[in-house]
Amino acid sequence: MQGFAGFMWLLSIALILFSGFALFDAAIRREDAYRAADKKTKPFWLIILGLAFVVNLIFNVLSFLPIIGLIATIVYMVDVRPALRGLPGGGRSTRRGSSSDGPYGPYNGGR
């Protein structure tokens, strides 16, 4: 019985880390990337993944709510995240360079 309890504890930690990673990933993506990928909105996914994270922290793995949270996290990781990463710039909110930058550096206008 002690081995089963240890396994369930490890599974609980894995679910917490998985949902935490998905929440962090959703938080660093740009708002307009969600609309461009036609995947709900950023606040929607932040609320859903935040609830999944909190539920995984509070409830036991064998209860019903963490399973629903796991399904939501899997949907984000398998459907939404690849669509966001497929956009130019990967949907990340960090900005590098200016709007006049080309593929090989800044455009100087022939100067």
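Side notes on the structure shown:
- Number of residues in region 1-36 that are out of contact with any Gly (no Cβ under 7 Å at 6 or more places or on another chain), within 14 Å of Met77 (Cα to Cα), surrounded by 14 or more Cβ atoms within 10 Å (Cβ to Cβ) and among the hydrophobic types (A, V, I, L, M, F, W, C) equals 5.
- Scan of region 77-89 for residues that are in a helix (DSSP H, G or I), farther than 14 Å from Leu15 by Cβ and open to solvent by 20 Å² or more (accessible area, probe 1.4 Å), ordered by number: Val78, Asp79, Arg81, Pro82, Ala83, Arg85, Pro88, Gly89
- Scanning region 37-52 for residues that are part of a helix (DSSP H, G or I) and open to solvent by 60 Å² or more (accessible area, probe 1.4 Å) turns up Pro43, Phe44, Ile47, Leu51.
- When residues of region 54-76 are limited to those that are touching a residue at least 12 places away in the same chain (Cβ under 8 Å) and not in a helix (DSSP H, G or I), the one most open to solvent (accessible area, probe 1.4 Å): Leu62
- Condition met for Arg92 (open to solvent by 50 Å² or more (accessible area, probe 1.4 Å), in contact with a strand residue (DSSP E or B) (Cβ under 7 Å, 6 or more places away or on another chain), charged (D, E, K, R) and modelled with pLDDT under 90): yes
The values are calculated or read from the model by the stated rules, or taken from the named source; none is laboratory data. Everything numeric in this text was worked out from a predicted model, so none of it was measured. With ideal geometry, Cβ positions are generated from the backbone for all residues, glycine too; neighbour counts draw on all protein chains shown. Heavy atoms of the whole protein, side chains included, go into the accessibility calculation; ligands, DNA and RNA do not. Shrake-Rupley method; radii C 1.70, N 1.55, O 1.52, S 1.80 Å.
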